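One structure is given below, encoded as structure tokens.
The values are calculated or read from the model by the stated rules, or taken from the named source; none is laboratory data. Predicted model, so just to flag it, every value in this text is computed and none were measured. For neighbour counting, all protein chains shown are included, and Cβ atoms are generated from backbone atoms with ideal geometry for every residue, glycine included. We work out accessible area using only protein heavy atoms, side chains counted, and drop any ligands, DNA or RNA first. Shrake-Rupley method; radii C 1.70, N 1.55, O 1.52, S 1.80 Å.
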Amino acid sequence: MRIRSLAVSLGLAAFLAAAIAAPAAKPKAYYCGATKVTILLWPHGHKAIRSVHFPAARTPNIQVYRYDPRFAGGNFLFYADARGNAHPVKEYCGTGPSRPASAIAAPQTLKGKRAVTCTVTASQTFELTRSSHGVRLRGRLADTTLWIADMSRKGAAKITFDSSACELGPAP
């Protein structure tokens, strides 16, 4: 009996050590050529969006647009859903190297169905990290993190942004 308990304990310890030592998911960077973007969080998905010719999406998702108060279809840049699916608009977005995340200068955090617009002097880069729980999309300018949006498979949505470069918009 003691040998079985010891074997189970050793097996559990090995499993936990492997889980802790497993490398973190590596982000994939997208360079999309926009200085002013609006990030939309859809924690419960959405109905069809005719202005961008989007079908209904039931999966929690994050969308990024070049700034346009009407969200006209030609301004759509990036889509990522909680299952890890990502769809950058190829005409605007190319891939490139990832960079380490920095702290957000003047952080403000919001949860739920939200819209945030960020304006900077040069093109923003988006970095997508997938996990078993959902996705994280980070917007940055060079090495400076501007915003981080998290979307879980269960619909928990959160965005933390630099309030000196970003502002809250009307909920989508």
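Key figures for this structure:
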item	result
Residue-normalised accessible area of the range 68-151, expressed per residue, 1.4 Å probe, Å²	49
Segment Lys111-Tyr31, length gained on full extension (0.36 nm per residue, minus Cα span)	26.2 nm
Rounded to whole Hz, the Karplus (6.51, -1.76, 1.60) HN-Hα couplings of the range 151-156, x for glycine and proline	9, 9, 4, 8, x, 7
Above-threshold pairs, the threshold being 26 Å between Cα atoms, out of Lys90/Lys154; Lys47/Lys154; Lys26/Lys47; Lys36/Lys111	Lys90/Lys154; Lys26/Lys47
Ala56-Ser163 pseudo-label distance in nm [points 7 Å out on the Cα-to-Cβ vector]	3.8
Distance between modelled label sites at Ser123 and Lys47, nm, 7 Å Cα→Cβ extension	3.6
Heavy atoms of Glu91 accessible to a 1.4 Å probe, total area in Å² rounded to 10	150
Calculated from backbone phi, Karplus (6.51, -1.76, 1.60) coupling profile of the range 81-87 in Hz, x at Gly/Pro	10, 5, 7, x, 6, 10, 9
For Trp147, solvent-accessible area (1.4 Å; no DNA, RNA or ligand), Å²	0
Neighbour net charge for Thr119 - beta-carbon separation under 10 angstrom, K R +1, D E -1	0
